[in-house]
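Reading through the C-alpha cells given below for one structure.
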Amino acid sequence: MIGLGYLGAVHAASMAKLGHDVVGVDVDASKVEALAAGKSPFFEPGLEDLLTEVGETGRLSVTTDMADVAGARVHFVCVGTPQSADGYAADLTYVDAAVSELAKHLGPDDLVVGKSTVPVGTAARLADVVAGAQPGAILAWNPEFLREGFAVKDTLHPDRIVYGVPDGERGERAAALLDEVYATPLSEGIPRIVTDYPTAELVKVAANSFLATKISFINAMAELCEVAGGDVTQLADAIGHDARIGRRFLNAGLGFGGGCLPKDIRAFMARAGELGAGDAVEFLADVDDINNRRRARMVDLATEVLGGSVEGARIAVLGAAFKPDSDDIRDSPALDVAARLGQLGARVTVTDPEAIENARRRQPQLHYEQDVEDALRDADAVLVLTEWRQFRELDPVRAGELVARRTVLDGRNALDREAWTAAGWTYRALGRR
Ligand code: UDX
C-alpha cells in the first residue's frame, strides 16, 4: 500500500482484516510511526479498533522504505492528487513519484493498482511506465469511493467494485488477481464492474461530480426559498420522496468541502478542457459558484443579525471540520466562514470535537475552545457550521444561559428549530424563513 493517508491507511488495515499480508509505505515518518504503534494518524471512527485487531494478527507492517514492497504481488497506489497551486488541474507529482519509485522494485507477475483519483488518461500513461520497468507487470485502475467518517465500513462493504484493466489476457489476469484480493466482499454479492482504464477513471469523477451537483442543486433551491419565503428542508423532503431523485445528499446548508468534491470537480473541468470537451462539464463551474455563494450568504446573515456589522461582536462557531466525524479541515466551509468573519473584525471562537488542532494550524488568528460551553460563553451569535451530533443535541435552554444574546444561525439545518425558538432563541437558517 503506497501512501498511508485517509485512503491508504484505511485500505491497508482493511486488506489485512480480509486476511492479506500488507506492507504500508509512506514518506511521512510520523504517519508510519503512529500506525506502527497501532494509532491512527487522523480521526476516523473504527480505524483504531481495526488497527488493534489486525495488529494482533501481525499481517500489517509499515515502513518508509519503498524497497520493502519487493515480494508483494499487488501494489496499491493510494497517494493524494491535490489541486495544483497554480490552477484547477490535479497535481500528479505524488502519483508519478510513487509509480516511478515502485517501478524499480516490481516483479514480473506483479499487479500495480491505482486507487488515487486521477484525470482521465493517467492510467494509460502509467501503464507505460510500469511496462517499461517490468514488461510482465500489469497496471489496473480501481477507484475508491469511501466517505470520511465511514471509511472502514465503506472499504469493507463498498456499494460497488470497479476495475479498469487493459484489453485481452493481461486484463483477465489483472481482474482475476483483484478478485482474489476482494474475494470476501465479492462473496457478499457486491456488484463488480470490469471495464477499461478511461471508464474506471471517469466513474470516480463522474460520481463525485454528480454528488456535488446534487448538493448545489438543493442549495440553489435554498437561494430561491430565501427570496420567495419557502422552506428548503420541506422542499427536499418532498422531492426526495420521488425514488428517482432520492432524499440522500439533498441536505441544504453551507455546502460541500473536503479533500475530494471541490478539487475533483475543478480537476474534471481542467481535464475536460484539455481534451476539447470543456463545454460538457461547464455546468460544474456553476456547481462550484453556488457552493461558494453559500459561504458568503452565511457571512451576510451573521452581519444582518448582528445589526449590520460583525466588528467587535463575539461569535461562537460550532464546527471546524468539513463534515462531522472527521478532523479534516481541507476546504472546510465552516472554517472558511469563521476566517471570513475574523477578517471582518469579529471575535470568533471556534469549537470542534476533533478538528481544533488542524484548524489552529491553518487559521492561527482565531480563538479556539475544546469545550462547547466555553465557546458559547458571552457570544452575541452562535453559528452551527458542522453538524456534529454534540451540536445537534445541545440543550438550547442551557446554551441560552451561557450566551450574551440568543441568536443562532443554523448553517446545516441540523437543529430542532421549534426547541430552540421555544427556549427564546432567534433562529435563522439557510433556505428557511
Ligand atoms: C466524498 C464522496 O462521498 C466519496 O464517495 C468519495 O470517495 C470522496 O468524496 P467525503 O469527502 O468524505 O466523500 O464527504 P461527503 O460525505 O461526500 O460530504 C462532502 C461534503 O458535502 C461535506 O462538506 C458535507 O457536509 C457536504 N454535504 C453532503 C452537504 O452539504 N449536503 C449533503 O446532503 C451531503
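Each reported figure results from applying straightforward, stated rules to the coordinates on display, with no laboratory input. A quick note: this is a predicted structure, and the numbers were derived from the prediction, not measured. Positions of Cβ are backbone-derived with ideal geometry, glycine not excepted, and every protein chain shown enters the neighbour counts.
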>> Take the residue pairs 115/204; 31/104; 214/323; 17/323; 17/104; 153/263 and return only those whose Cα atoms are more than 21 Å apart.
In response: 31/104; 17/323; 17/104; 153/263
> DSSP beta bridges in the range 6-194, what fraction antiparallel, as a percent rounded to 5?
Replying inline: 10
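Quote the Stokes-Einstein diffusion coefficient, in whole µm² s⁻¹, for the range 350-401, based on the Kirkwood radius over alpha carbon pairs, a temperature of 25 °C and a viscosity of 0.890 mPa s.
208
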> Separation of the range 42-110 and the range 216-242 by C-alpha centroid, Å?
Replying inline: 41
> Among bridges DSSP assigns within the range 1-92, what percent are antiparallel (round to 5)?
Replying inline: 10
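Antiparallel versus total DSSP beta bridges in the chain: what percent is that, nearest 5?
On the way: 2 of 39 bridges.
Close to 5 percent.
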>> Quick check on the chain: helices-only [θ] at 222 nm, where DSSP H runs of length 4 and up contribute -39,500 (n - 2.57) each and the sum goes over total residues. Nearest 500, please.
In response: -14000 deg cm²/dmol
>> Rg and Dmax in Å for the range 292-429, alpha carbons only: what are they?
In response: 13.2, 38
> Sorted by packing (mean other beta-carbon atoms within 10 Å per residue), highest first, where do 100-107, 139-146 land?
Replying inline: 139-146, 100-107
> At q = 0.06 Å⁻¹, what log₁₀ I(q)/I(0) does a Debye calculation on the Cα points of the chain give, no solvent, two decimals?
Replying inline: -0.28
> HN-Hα J couplings of the range 418-433 from phi, Karplus 6.51/-1.76/1.60, θ = phi - 60°, integer Hz, Gly and Pro as x?
Replying inline: 5, 5, 6, 5, 4, 8, x, 8, 7, 10, 10, 9, 7, x, 9, 5
>> Taking amide H atoms as placed 1.01 Å from N in the peptide plane, list the residues 5 or more away in sequence, or in a different chain, whose amide H sits under 5 Å from that of residue 432.
In response: 232
> Relative to the longest principal Cα axis of the chain, at what angle does helix 47-57 sit, 0 to 90 degrees, rounded to 10?
Replying inline: 30
> Using alpha carbons only, how many degrees (0 to 90, rounded to 10) separate the axis of helix 168-181 from the longest principal axis of the chain?
Replying inline: 60
> What ranking, highest mean first, results for peptides 291-304, 400-413, 45-58 when packing means the other Cβ atoms within 10 Å averaged over each residue?
Replying inline: 400-413, 291-304, 45-58
>> Using only the alpha-carbon atoms, how far is helix 261-274 inclined from the longest principal axis of the chain? Give it as 0 to 90 degrees, nearest 10.
In response: 60
> Among rounded, prolate and oblate, which fits the range 202-304 when a ≥ b ≥ c are the square roots of the eigenvalues of its C-alpha gyration tensor, a/c under 1.5 means rounded, and a/b larger than b/c means prolate?
Replying inline: oblate
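How would the range 6-194 be classified by its alpha-carbon gyration tensor: rounded, prolate or oblate, with rounded meaning a/c under 1.5 and the a/b versus b/c comparison settling the rest? Walk me through the numbers on the way to the answer.
Numbers: a/c = 1.35, a/b = 1.19, b/c = 1.13.
Since a/c stays below 1.5, the shape of the range 6-194 is classed as rounded.
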